[in-house]
Amino acid sequence: MISVAKLYGLLAIIGGVALVLSLFFGVSPCIMYHIIGLPCPACGLTRAFISLARLEFSQAFAYHPLFFMVPVVPFLGLERISSKWRNILAFAGIGVLVAVWVVRMVQLFPHTAPMTFNDNSFTGWLIRLWQGGI
């Protein structure tokens with residue numbers, strides 16, 4: 001079982017890499033976005049935390065409505081919680097994340113950031129190739 005401190009450290013590293021890629025290189029760290037061209041369920045979290053750091057709470061919520069849950073996730077690994085409840089909470093959290101992603105895709109895709117299609121993705125390249133316009 002991974003400890004809460006290790007999970008927080010891992011999340012901090014992932015978040016730091018995402019932040020550096022986003023701020024300094026203007027690159028999305030999302031593999032799904034670069035290959036498939038569609039935003040992943042976590043899409044917008046980096047921008048949400050950047051907005052949060054600027055105290056732009058409504059903008060942070062607009063980028064990803066579940067940004068406030070990120071600090072809560074590591075507590076699912078607490079040893080005091082039985083594995084049955086930990087699994088239930090994990091599946092519920094994933095279910096909520098996917099449900100929010102579906103709602104965001106229906107409401108915002110493909111015209112509102114961060115829920116836009118990546119024309120420079122591998123899928124975008126295949127579409128251009130199929131249409132004969134590379």
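Accessible surface of segment 9-67, 1.4 Å probe: 77 percent of it comes from carbon and sulfur atoms. Two tests apply to each whole DSSP H helix in the chain, Cα reach of 15 Å or more along its axis and mean Kyte-Doolittle hydropathy of at least 0.0, and the ones passing both are 4-25, 83-108.
For the pair residue 89 and residue 109 in one chain, pulling the backbone fully straight at 0.36 nm per residue adds 4.4 nm over the alpha carbon distance. Fully extending the segment from residue 68 to residue 20 would add 15.2 nm, taking 0.36 nm per residue of separation and subtracting the current Cα-Cα distance. The charge dipole of the chain, taken about its Cα centre with unit charges on the Cβ atoms of Lys, Arg (+1), Asp and Glu (-1) only, comes to about 240 debye.
Between residue 115 and any residue 5 or more places off or on another chain, the built amide H atoms are never under 5 Å apart. From its DSSP helices (H runs of at least four residues, each -39,500 (n - 2.57)), the chain gives a residue-normalised ellipticity at 222 nm of -18500 deg cm²/dmol.
Seen from all directions on average, segment 16-95 presents a Cα convex hull projection of 6.5 nm². Taking 7 Å steps out from each Cα toward its Cβ at residue 32 and residue 98 produces label points 1.0 nm apart. Taking all Cα-Cα distances within the chain, those exceeding 19 Å account for 58%. Rolling a 1.4 angstrom probe over the protein heavy atoms with all chains in place gives segment 19-134 an accessible area of 66 Å² per residue.
The values are calculated or read from the model by the stated rules, or taken from the named source; none is laboratory data. All values derive from a computational prediction rather than experimental measurement. Cβ: placed from backbone, ideal geometry, glycine included. Neighbour counts: every protein chain shown. With ligands, DNA and RNA removed, areas are computed over all heavy atoms of the protein, side chains included. Shrake-Rupley method; radii C 1.70, N 1.55, O 1.52, S 1.80 Å.
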